[in-house]
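Undergrad: Here it is, the structure, as structure tokens.
The values are calculated or read from the model by the stated rules, or taken from the named source; none is laboratory data. None of the values given here were measured: they were computed from a predicted structure. Just the protein is used for accessible areas: all its heavy atoms, side chains included, with ligands, DNA and RNA removed. Shrake-Rupley method; radii C 1.70, N 1.55, O 1.52, S 1.80 Å.
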Amino acid sequence: MKGRVFQSKLWKDTYYQSLKDDKERLLFLYFLFNENITIIHLYEAPDWETISINRVSEDKLKEIKAKFQKDGKICFYKEWVYLTNAHRYQEYKGESNEKAKQNLLH
């Protein structure tokens, strides 16, 4: 099991506070902290898995993903997810992390 550092400042983040729907908030947290995330904030997250884990309909998932993409917070391509601003909350530094990042990109 992977561990994630959760920055409690997220609760006061302007964007997070702007999310009105509970499913939007749940999915935002899921995309930030699920077990598939890598240190480069690019990872595979099949829709079927996201739907199953979060108990959200396919239509609702598409709607929320479109919102996150339009808002410039999370990019989606096929089954891939990229967290555009994740470095604000999770930043990995150091020589071994840089090597790991390069390995993930190749």
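Undergrad: Exactly one condition in (1) open to solvent by less than 40 Å² (accessible area, probe 1.4 Å); (2) modelled with pLDDT of 95 or more is false for residue 39; which is it?
TA: In the conditions (1) open to solvent by less than 40 Å² (accessible area, probe 1.4 Å); (2) modelled with pLDDT of 95 or more, residue 39 misses (2) alone.
Undergrad: Hey, could you check the range 14-35 for residues that are open to solvent by less than 40 Å² (accessible area, probe 1.4 Å) and modelled with pLDDT under 90 and say which is nearest to the chain's Cα centre (by Cα)?
TA: Checked the range 14-35; the qualifying residue nearest to the chain's Cα centre (by Cα) is 32.
Undergrad: Here's something else I'd like to know. Would you check if there is a residue in the range 61-74 being open to solvent by 90 Å² or more (accessible area, probe 1.4 Å), modelled with pLDDT under 80 and either not in a helix (DSSP H, G or I) or not small (Gly, Ala, Ser) (or both)?
TA: From the range 61-74, those open to solvent by 90 Å² or more (accessible area, probe 1.4 Å) are 62-63, 70; that's our starting set.
If we keep only those that are modelled with pLDDT under 80 too, we end up with none.
No, because not a single residue in the range 61-74 is open to solvent by 90 Å² or more (accessible area, probe 1.4 Å), modelled with pLDDT under 80 and either not in a helix (DSSP H, G or I) or not small (Gly, Ala, Ser) (or both).
Undergrad: A further question on this structure: Collect the residues in the range 42-60 that are open to solvent by less than 60 Å² (accessible area, probe 1.4 Å) and either small (Gly, Ala, Ser) or farther than 18 Å from residue 75 by Cα (or both), keeping them in residue-number order.
TA: 45, 54, 56
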